[in-house]
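This report refers to the structure that appears directly beneath it.
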Amino acid sequence: MQNIQSIIDNINLKKKVYVAYSGGLDSSALLYLMNNLKKEFFFELEAIHVNHNLSKQSLDWESHCINFCKRLGIPLIVKNIKVKKTKGGLESNARKARYIAFKDAVKKNEQILLAHHADDVAETFLLRLFRGTGIDGLEGPIKKRKLGKGYIIRPLLDFSKQDLTKYILENKISYVDDHSNFEVAQDRNFLRNVLLPKIEERWQNVSNRINRTTNIIQSRNESYSNLLHKNYSDLIGAKIKINDLKELPQPIAVDLIRNSIKNFNIAAPSKGVMDEIYNVFILSNPTDKSEVNWSRADNDEFGGRVIFRDLSIVIKKNKL
């Protein structure tokens, strides 16, 4: 793996480092790599395996992870969880349960590394693009963010699946295959196994190209958000005077509301929802009964609502 510096840039090597280890190709490459870097940089390393108990192979994968870590001398935490089958969807619920397990394990300023790479970014970008997401939805994942008292870090975003596969083969690293990843009925699997390989035949390194684009979008979004806060700081918050918004061009007013919602870590409303908010509260004569609600279908984030109080729109967070 080249460009090791980009891998450790966001990692505090004075604090404990965990690797989320499923036993698959990606996390196996990351764990093996971090174990080698530990010998050079002398940091504390531990692996976490979350057994979702959703596959007949779950115990086999768990055993593989235990044996792999034992062979390399890496301490391993195994978390066995039960995933609820609710309307949010099995995949979304598994992800939530997994992140709760990570959050419980990581203490103050410790870090857990996830093996997301450039191909994952490309898949997410295309999924959101095809679903008609807004510009915020086309941002790439953040390399480092808070998780409870610690941090989640994605150190492999500059590397492709091809890079990781080459590393695995060169170092003869064993890993397990989850055959459900090849079931193309799922949208992400269709992108991964059918569409992106076809695109790659014509435009090589397409995942890295898309990753660069998401980074540019993220940078531009940050610059635009900073300008909004600099020029309209009094119009970004939980409560915004409607008459002040009416004096602004519609695109600016809408973006101020959207930025206020984003500050609350609420699921981003769709364009249709934003149009409804503008029509109900800015173009019409709202009352205390006026309300616009929205949520994510997978319940991965809090939904929100906008209500009318004291001649202002008020932003509220809904419960999951």
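So what J values fall out for region 6-16 if you push phi through Karplus, 6.51 cos²θ - 1.76 cosθ + 1.60 with θ = phi - 60°, rounded to Hz, Gly and Pro as x?
Per-residue couplings from phi come out as 5, 6, 9, 3, 9, 9, 8, 6, 8, 10, 4 Hz.
Work out the charge dipole of region 1-136 with +1 on the Cβ of Lys and Arg and -1 on the Cβ of Asp and Glu about the Cα centre, then indicate which of Y21, A94, N3 is farthest towards its positive end.
A94
Work out how far the C-alpha atoms of region 100-212 reach from end to end along every principal axis, then list the three figures in whole Å, largest first.
46, 42, 27 Å, listed from the longest principal axis down.
Give me log10 I(q)/I(0) at q = 0.15, 0.16, 0.23 Å⁻¹ for region 151-239, Debye formula, one equal scatterer per alpha-carbon, no solvent.
Calculated log10 I(q)/I(0) at the listed q: -0.84, -0.90, -1.29.
Give the relative contact order (percent, whole number) for the chain; include only Cα pairs under 8 Å separated by 6+ residues.
Contact order relative to length: 15 percent.
Could you give P(r) for region 93-150, binned at 5 Å from zero, as whole percent values over all Cα-Cα pairs?
4, 17, 19, 19, 20, 14, 6, 1
Put one equal scatterer on each alpha carbon of region 203-294, apply the Debye formula with no solvent term, and list log10 I(q)/I(0) at q = 0.15, 0.22, 0.26 1/Å to two decimals.
Per q value, in the given order, log10 I(q)/I(0) is -0.66, -1.17, -1.46.
Report, for the chain, the % of DSSP beta bridges that are antiparallel, rounded to 5. The partial results should precede the final answer.
Details: 17 of 33 bridges.
In the chain, approximately 50 percent of DSSP beta bridges are antiparallel ones.
Ordering L191, L129 from largest to smallest accessible area (1.4 angstrom probe), what's the sequence?
So the residues, ranked largest to smallest area, are L129, L191.
Which GluC sites (Glu not before Pro) in region 118-205 pass both tests, a DSSP loop state and at most 13 other beta-carbon atoms within 10 Å? Each step should come with its number before you reach the end.
Numbers: sites: E123, E139, E170, E183, E200, E201; in loops: E139, E183.
Those that pass, being in a loop and sparsely packed, are E183.
If exposed chymotrypsin sites (Phe, Trp or Tyr not before Pro) are those in a DSSP loop with at most 11 other Cβ within 10 Å, what is the longest stretch of the chain that has none?
Longest run free of exposed loop sites: 43-202.
Can you run phi through the Karplus equation (6.51, -1.76, 1.60; θ = phi - 60°) for region 106-123 and list ³J(HN,Hα) in whole Hz, with x for Gly and Pro?
Working through the residues one at a time gives 8, 8, 3, 6, 7, 9, 10, 9, 10, 8, 4, 10, 4, 5, 4, 4, 4, 4 Hz.
How about K70: which aspartates and glutamates have a C-alpha closer than 14 Å to its C-alpha, ignoring those fewer than 8 places off in the same chain?
Within the straight-line limit of under 14 Å, K70 reaches these aspartates and glutamates: E46, E62.
Taking H placed 1.01 Å from N in the peptide plane, check which residues at least 5 places from V19 or on another chain put their amide H under 5 Å from its amide H.
E46, A47, I48, L113
Straight distance only, please: which lysines reach the Cα of K289 with their own Cα at less than 16 Å, same-chain residues fewer than 8 apart left out?
Filter leaves K316.
Which percent of Cα pairs goes in each bin when the distances of region 166-208 are cut into 5 angstrom slices starting at zero?
Percent of Cα pairs in each bin: 6, 19, 17, 18, 25, 14, 2.
Taking 56 Å as R0, compute the FRET efficiency from the Cβ-Cβ separation of D288 and K70 and round it to 0.05.
That gives a FRET efficiency of 0.30.
Using 0.36 nm per residue, how much length does the chain from N12 to F42 gain when fully extended, once their Cα-Cα distance is taken away?
9.6 nm
Against the longest alpha carbon principal axis of the chain, how many degrees, from 0 to 90 and to the nearest 10, is the axis of helix 250-262 turned?
50 degrees
If you keep only loop residues by DSSP, which GluC sites (Glu not before Pro) in region 223-320 have at most 11 other Cβ atoms within 10 Å of their Cβ?
E247
If you look at just the Cα atoms of region 127-184, how large are its Rg and its Dmax in Å?
15.9, 42
How big is the C-alpha Rg of region 10-54 next to the rule-of-thumb value 2.2 N^0.38 Å, as a ratio?
Normalised Cα radius of gyration, region 10-54: 1.22.
Quick one: divide the alpha-carbon radius of gyration of region 270-320 by 2.2 N^0.38 Å and tell me what you get.
It is 1.16.
Given the -39500 (n - 2.57) contribution per DSSP H run of 4+ residues, what per-residue ellipticity at 222 nm results for the chain, rounded to the nearest 500 deg cm²/dmol?
Mean residue ellipticity at 222 nm (helix-derived): -13500 deg cm²/dmol.
Which residues among region 213-237 fall inside the zone where the amide N is under 12 Å from a point 7 Å beyond the Cα of D136, along Cα→Cβ?
Residues 222, 225, 237 qualify, since their backbone N sits under 12 Å from the label point.
Quick one: work out Rg over Rh on the C-alpha atoms of region 65-131, Rh as Kirkwood radius.
Rg/Rh for region 65-131 comes to 1.05.
With each pseudo-label sitting 7 Å past Cα toward Cβ, what's the E276-S58 distance in nm, one decimal?
For E276 paired with S58, the spin-label model returns 3.7 nm.
Within 10 Å of each candidate Cβ there may be at most 13 other Cβ atoms; applying that plus a DSSP loop requirement, which trypsin sites (Lys or Arg not before Pro) in region 144-252 survive?
In loop regions of region 144-252 (DSSP not H, G, I, E or B), the sparsely surrounded trypsin sites (Lys or Arg not before Pro) are K149, K172.
Could you pull the Rg and Dmax for the chain, using just the Cα atoms, both in Å?
Rg then Dmax for the chain, in Å: 22.1, 69.
Can you pull the one-decimal nm distance between simple spin-label points at H179 and E222, each 7 Å off the Cα toward Cβ?
So the label points at H179 and E222 sit 4.4 nm apart.
5 Å is the cut-off here: which amide hydrogens, built 1.01 Å from N in the peptide plane, fall below it relative to N51, excluding neighbours closer than 5 in sequence?
Amide H to amide H, under 5 Å and 5 or more residues apart or across chains, N51 pairs with K79, N80, I81.
The values are calculated or read from the model by the stated rules, or taken from the named source; none is laboratory data. In this text, all values refer to a predicted model and were calculated from it rather than measured experimentally. When we count neighbours, we look across all protein chains shown, and the Cβ atoms used for this are built from the backbone with ideal geometry, even at glycine. With ligands, DNA and RNA removed, areas are computed over all heavy atoms of the protein, side chains included. Shrake-Rupley method; radii C 1.70, N 1.55, O 1.52, S 1.80 Å.
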